[in-house]
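Written below as structure tokens is the structure these notes are about.
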Amino acid sequence: MDTKTSNTPFYEPSGDECELFERAWKNRLPLLIKGPTGCGKTRFVSHMAARLNLPLYTVACHDDLTAADLVGRHLIGDGETIWNDGPLTRAVREGGICYLDEVVEARKDTTVVLHPLADDRRMLPIDRTGELLQAPPSFMLVVSYNPGYQNFLKGMKPSTRQRFVSLTFDFPTAAQEEAVLIGETGIDTMTAKRLVSIAGAFRALRDHDLEEVASTRLLVYAATLIKDGYDPVRACRAALVETLTDDAETAVALNEVVSATFGR
Amino acid sequence: MEEYVGALWDRLITGAAEKRHAAVTVKLDDIAKSAAIFFRALGGDPGLGISAAPAVRHGARRRLLQRVAGSGEKVELSWRDGEVLRLPSQIDLFAKQTLNRDLYFWLVALAAAESDNSQPWIIRNQLATQATLERFPGLQSRYDWLVEAVIALRIPAEKLPADEAAQENTIRQALQYPGTVDAIALTARPFQPVPLWPHPHPPVNAATSSAAGLGSPEQSGNAANKKSRRKHLAERTDAKEDKNGFLMMFRAESLFSWSEFVKVNRPQDEEDDSETAQLAAEDMDNLTIARDGKTSAANVRFDLDLPAGAVDDTPLGEGVLLPEWHWKKQVLQPDYCSLQQLIATDAKPCELPHALKNTANHLRRQFQALTPTRHWRKGQQDGDELDMDAWVQLVSEKNSTMPTSEHGLYRVQVNQERDLACLLLADLSLSTDAYVSNHSRVIDVIRDSLLLFSEALTATGDSFALYGFSSLKRSHVRFHYIKGFEEKYSGQVRGRIAAIKPGYYTRMGAAIRQASSLLVQQKKHQRLLLILTDGKPNDLDQYEGRYGIEDTRMALLEAKKLGLRPFCVTIDSEASDYLPHLFGAGGYVVIRNPEDLPKELPLLYAQMTR
């Protein structure tokens, strides 16, 4: 569930997001990052944590995530109970970054524990131990969610949203995305260009024929397979087309785009 | 015998002349959906539909055999306008199926490329070809094969007179080396059609030139009738009003061909001879359509005039003024539509029809599982009370020699809340009067769906409202009150459902805006706007085709901005043409068998809100 990062991971900035992140951190403001799946939100947070030299606790939120999973719980040992900090509590104690990925996936009662931490009080009450933790200046709360990728009726509570500085991520520009592909996989420029062109075509189908479009992450997968010597058309089919759709006719159209780009 | 030999000869000579490859034909119907997605992926206008192109007389030189056989006069070429991309209804030019299919996708790719219409046709096509090949280098090899195959089908330059040969060589050069030809010389005879390029002079589409105030009548025929994808060139003209149709007002010898429009005021035919008409239409070059606002009695069984006030439903309050989106001007026209909320006057409280009782009981039982309940969850890491069973097991494991595992030792009481409101908006336009089977009409299916939906939702306790809509131009959008959010589902509501009747047209945008404004007042976390329909947005005025679709799309975008979740349930089998544009992928469902709708709808709701 939690990871601590040591060396700075590769990240290609698309605007002034690094500056905003730093300023938010310096001024003790929590940050909300919105953006489609696989556009680099998690990578960005890891990169910033490494840059600021802060411990990072990443929590991938899900349906069954409880407040106790974040804050901590008593474990029953041999004849005694031992308190065990959750990732949020650890981040507060150590003055690090707590990153809640896909926060809308968590149950509504869970996100309420974030409220006193996210406003100017910057406090974390732990009911079970009777503690009231005051977050040190270096602590930062970062949450992310994907406005398109939600369960049909899920959204983020306005009262929670209102406590964050927000940043919208989108897919990088073609040139930036090519740089990412080359930087990540060491693929040649021509192949990177073609992969980005395919992604551009697929992204035109967002909200229309495809619920989810090709993310940079998927392009990296395709590039990795191609770099390994796999046939580009088949690599795109496996990493992009089949991942994005189950509908046969949509798949036919997407495969046509792939062969229009790489030939057959 | 003579006839038999004649038919045999005809088949032989036509077959030899045409060199078509029926066995490897690729039909537009089979690839239309993929082609549409391919078109959008390549940057084509997402609002454009795909339709079959009409065959047009090209007038170019034909081979001797073709002249003998009297064939090859017409050709289906592609072209696009503001509403549709037209493609040949089938391609059987080449002996290889992959080539025929490739030609379709090539035409789509070319149509998606930006084209400068001020340029001459030959330059426009070369530029589009160059742009497409540059963006999609993988198409190069396919393009080369297609050019080779197309050139092999053309009459060679050496068999043509000098001027036509020069023209033919220019075209071949433009195909083989796009970007190298600046102009094409004109000759007395048109050049041979080029299947790789769109039509040189796209004929004006009838729909775009349609005068405001004239819409297509709502269809009330058999909904199962499959529409032919083949389209005709059409032109609009005014109907003659002052002349008697049966008086001969032209000299017979001046009638050059039966396909030309003769301005005769022919009274509407009561006979339903649609098959003969269809066959005749297939052979026509041009269909000329005159609008006189009258609709044939064979097609319309209901009076489209508004009912007299005394027999109409009771209006509830003042009318509501609503805006409408004009897609060409890209403006929201404020206070453009007037919506009247109505309540059925003659609705008598009633029971659930006997035929639905079993299904209703079944659904109620299924839906009770969704009812909010409080229950204990055992084996939790954290919770209100100790889980004694888990505790005993842990202790006994510790006392035994078996290794102990970590258990959740608490139990927690959870409350599964359902915090949602749903507004169901049903299409009550005249098209719902069509029969879906031998014994039921669309409206009957909608009625049963509303009843079963209400039965199921009453079991869950979810807050829901039911409304219906129809319209007669922008000044009269009818919004039928069936059940409000505050009202309980009762015999009275069932009576109102039983009283719904089909009528008028489908101004969907206005109805969606009104439904959104009602739903947004519900202070619930999840708000679902379910739209139940059987066809496209359509009304008597300009509210047809792209206009209606774009206004509906705008109304849906507004609803989404308000935090509502629109979802469409349709029984229109052609809905895949336009629904993705309106609702997006995953925002709609097409019920293939309309009779399943009453049962499917509640289950769909359960699936969506689980």
Review point. Hey, if we sort B:SER573, A:SER215 by accessible area with the 1.4 Å probe, largest down, what's the order?
Key: B:SER573, A:SER215
Check your understanding: Say each of B:GLN330 and A:ALA50 gets a label point 7 Å from the Cα, pointing the same way as Cα to Cβ; how far apart are those two points in nm?
Key -> 4.3 nm
Exercise for review: Below 17 Å Cα-Cα, how many Lys pairs turn up in chain A? Only count pairs eight or more apart in sequence, or on different chains, if you could.
Suggested key: 6
Review point. Points 7 angstrom from Cα along the Cβ direction at B:CYS350 and A:SER166: gap in nanometres?
Key: 4.8 nm
Review point. What do the square roots of 5 times the Cα gyration tensor eigenvalues come to for region B:53-124, in whole Å, largest first, as semi-axes of the equivalent ellipsoid?
Key: 25, 17, 12
Revision key, fill the gap. For region B:475-548 the translational diffusion coefficient, Stokes-Einstein from a Kirkwood Rh over Cα pairs at 4 °C and viscosity 1.567 mPa s, in µm²/s, is roughly 90 µm²/s
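Taking 51 Å as R0, compute the FRET efficiency from the Cβ-Cβ separation of A:ARG107 and A:THR189 and round it to 0.05. Spell out each step's value before the answer.
Numbers: r = 46 Å, r/R0 = 0.90.
The formula returns an efficiency of 0.65 here.
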Review point. What's the average, rounded to a whole number, of partner chain beta-carbon atoms within 10 Å of each residue's beta-carbon in A:243-254?
Key: 4
**Study point:** Three-way shape label, region B:467-610, alpha-carbon gyration tensor, a/c 1.5
**Key:** rounded
Review point. Got a number for the accessible area of A:MET123? Probe 1.4 Å, square angstrom, nearest 10.
Key: 50 Å²
Check your understanding: How big is region A:1-135 in terms of Cα radius of gyration and Dmax, in angstroms?
Key -> 15.6, 55
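In the structure displayed, which of B:LYS560/B:LYS599; B:LYS33/B:LYS328; B:LYS27/B:LYS561 lie more than 29 Å apart, Cα to Cα? Can you show the working numbers first?
Working: B:LYS560/B:LYS599 27 Å; B:LYS33/B:LYS328 26 Å; B:LYS27/B:LYS561 40 Å.
With Cα atoms farther than 29 Å apart: B:LYS27/B:LYS561.
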Point to revise | Per-bin percent of Cα-Cα distances, region B:36-86 [5 Å] | key: 5, 19, 19, 15, 11, 10, 10, 8, 4
**Study point:** Rounded to the nearest 10 Å², the accessible area of A:THR243 at probe 1.4 Å
**Key:** 80 Å²
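Find, to one decimal place in angstroms, the Kirkwood hydrodynamic radius of region B:90-154, where the mean of 1/r is taken over every pair of different Cα atoms and then inverted.
Numbers: mean 1/r = 0.0801 Å⁻¹.
Evaluated on region B:90-154, it is 12.5 Å.
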**Study point:** Shielding of B:132-141 by partner chains, average beta-carbon count, 10 Å
**Key:** 5
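Quick check: from the Cα gyration tensor, does region B:312-368 come out rounded (a/c under 1.5), prolate or oblate?
Values: a/c = 4.52, a/b = 1.94, b/c = 2.33.
Note, shape of region B:312-368 comes out oblate.
For chain A, what is the mean residue ellipticity at 222 nm derived from helices alone (per DSSP H run of n ≥ 4: -39500 (n - 2.57); sum divided by total residues; nearest 500 deg cm²/dmol)? Spell out each step's value before the answer.
Numbers: 12 runs with 105 residues, N = 264.
Per the formula, -11000 deg cm²/dmol.
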Check your understanding: Averaged over peptide B:574-586, how many Cβ atoms belonging to another chain are found within 10 Å of each residue's Cβ?
Key -> 3
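When only the heavy atoms of the protein chains count and the probe is 1.4 Å, how do B:HIS58, B:HIS354 rank by accessible area, highest first? Spell out each step's value before the answer.
Working: B:HIS58 40, B:HIS354 155 Å².
Solvent-accessible surface, decreasing: B:HIS354, B:HIS58.
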Point to revise | Surface accessible to a 1.4 Å probe, B:ARG553 within the full protein complex, Å² | key: 70 Å²
Check your understanding: Put +1 on the Cβ of every Lys and Arg and -1 on every Asp and Glu Cβ in region B:1-63; which of B:ILE50, B:MET1, B:ALA60 then has its Cα farthest towards the positive end of the dipole?
Key -> B:ALA60
Check your understanding: What ranking do A:199-206, B:89-96 get when scored by the average of other Cβ atoms within 10 Å per residue, highest first?
Key -> A:199-206, B:89-96
Exercise for review: May I ask you to rank A:ASP16, A:ASP85, A:ASP247 by accessible area, largest first, using a 1.4 Å probe over the protein chains only?
Suggested key: A:ASP16, A:ASP247, A:ASP85
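Compute the FRET efficiency between A:LEU29 and A:GLU242 as 1/(1 + (r/R0)^6), taking r as their Cβ-Cβ distance and R0 = 41 Å, and round to the nearest 0.05.
Numbers: r = 41 Å, r/R0 = 1.01.
The pair A:LEU29/A:GLU242 has a calculated efficiency of 0.50.
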Check your understanding: Using only the Cα atoms, what convex hull volume per residue in Å³ does region B:547-592 have?
Key -> 65 Å³
Study note, to complete from the structure: The simple spin-label model distance between B:ALA7 and A:TYR230, using points 7 Å out along Cα→Cβ, in nm, is 5.7 nm
**Study point:** Linear extension gain, B:ASN438 paired with B:SER118, 0.36 nm per residue minus alpha-carbon span
**Key:** 109.8 nm
Check your understanding: Can you give the three extents of the C-alpha atoms in region B:46-165 along their principal axes, from longest to shortest, in whole Å?
Key -> 45, 34, 27
Revision key, fill the gap. With +1 on the Cβ of every Lys and Arg and -1 on the Cβ of every Asp and Glu, the dipole magnitude of region B:52-98 about its Cα centre, in debye rounded to the nearest 20, is 340 debye
Exercise for review: Work out the FRET efficiency for B:GLN492 and B:ALA22 from their Cβ-Cβ distance, taking R0 = 51 Å, and round it to the nearest 0.05.
Suggested key: 0.25
Study note, to complete from the structure: Once normalised by the length of chain A, the mean sequence separation of its alpha carbon contacts under 8 Å that are 6 or more apart gives a contact order in percent of 21 percent
**Study point:** Overall Cα dimensions of region A:189-264, principal axis frame, Å, largest first
**Key:** 32, 22, 17
Check your understanding: With a Cα-only, solvent-free Debye model of chain A, what are the log10 I(q)/I(0) values at q = 0.07, 0.11 Å⁻¹?
Key -> -0.30, -0.68
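The values are calculated or read from the model by the stated rules, or taken from the named source; none is laboratory data. It should be emphasised that the depicted structure is a prediction, and the values quoted were computed from it without experimental measurement. Quick reminder, even Gly has a Cβ in these numbers, built from the backbone with ideal geometry, and neighbours come from all protein chains shown. For the accessible areas, the whole protein counts, side chains as well, though only heavy atoms, and no ligand, DNA or RNA atoms are used. Shrake-Rupley method; radii C 1.70, N 1.55, O 1.52, S 1.80 Å.
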